[in-house]
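Below is one structure, written out as structure tokens; the observations come after it.
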Amino acid sequence: MANLLSLSPHHHHHPLNPPQNPNPNSPKPTLLATSLPSTISKRQFTFKTTSLCLVSLITQNPLAQALSEPSPPLKPVLSSLANTKSWFQFYGDGFAIRVPPQFEDIMEPEDYSAGLSLYGDKAKPKTFAARFASSDGSEVLSVVVRPSNQLKITFLEAKDITDLGSLKEAAKLFVPGGTTLYSARTLKIKEEEGYRTYYFYEFGIDEQHAALVAAVNSGKAIIAGATAPQSKWDEDGVKLRSAAISLTVL
């Protein structure tokens, strides 16, 4: 699976859409802690040219080259996080995520109706389960939900992301080839029935910087990615990384 999360919107931007929140009463598991090392307008042009298209990850297995190439020493990036409690919390189908201030909902109307079948027709799968962008469109927060057996062939339903492999093994599913990997961590989230494992990856590719968090629940992989041009990451990286890590499986 290569390119699950596009680094920018592929469609024209809607004017200042407020974030939509279908399930405001869903429960909120608590993040505990632990990490293990391991003719087009200028704005529309920005939307299109910052796209890295992580969605093609579904049909590829790209990271063998990236893992074999040397990368800089992994940075302790999880020590640099923002407090997101005051941010708007978006509730999607089986997940919740915090949205940075001033980010706008850029989901297209057809994205909301995707997944519904009419008169027995086969449902069109959603490309994104949630999608938000900064006012200039250069910074994007996206969530993708996919059946876990699309990422790794198995006859058993994946219950936890560890069913897809270790942090390093699963990187082949979530991180594109040709990537400079800055950080890879395992996170443990306390829930009512125990702990859920999340995998975190931060990487750079083609002048773009991305933070990605993935988890699995009931046979579905839920992947959140926050992306921006490398030139903006020094200023906004903490905010974007914090948004990705705010992903909660419900």
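Of note:
- Matching residues, region 105-139, being modelled with pLDDT under 95 and at positive phi: Gly115, Tyr119, Gly120
- Pair list, Cβ under 6 Å, 6 or more apart: region 154-167 residue more than 20 Å from Lys190 (Cβ to Cβ), other residue of a type outside the set (A, V, I, L, M, F, W, C) and part of a helix (DSSP H, G or I): Ala158/Ser148
To keep it simple, each residue is scored yes or no on (1) more than 18 Å from the chain's Cα centre (by Cα); (2) not hydroxyl-bearing (Ser, Thr, Tyr).
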site: Leu173; (1), (2): no, yes
site: Tyr182; (1), (2): no, no
site: Lys190; (1), (2): yes, yes
site: Tyr199; (1), (2): no, no
site: Ile205; (1), (2): no, yes
site: Ala211; (1), (2): no, yes
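- Asp206 fulfils the conditions (1) at pLDDT 95 or above; (2) under 30 Å from Ser231 (Cβ atoms) except for a single criterion, (1).
The values are calculated or read from the model by the stated rules, or taken from the named source; none is laboratory data. Note that the coordinates shown come from a computational prediction; the quantities given were computed from them, not determined experimentally. In this analysis, Cβ positions are derived from the backbone assuming ideal geometry, glycine residues included, and neighbour counts consider all displayed protein chains.
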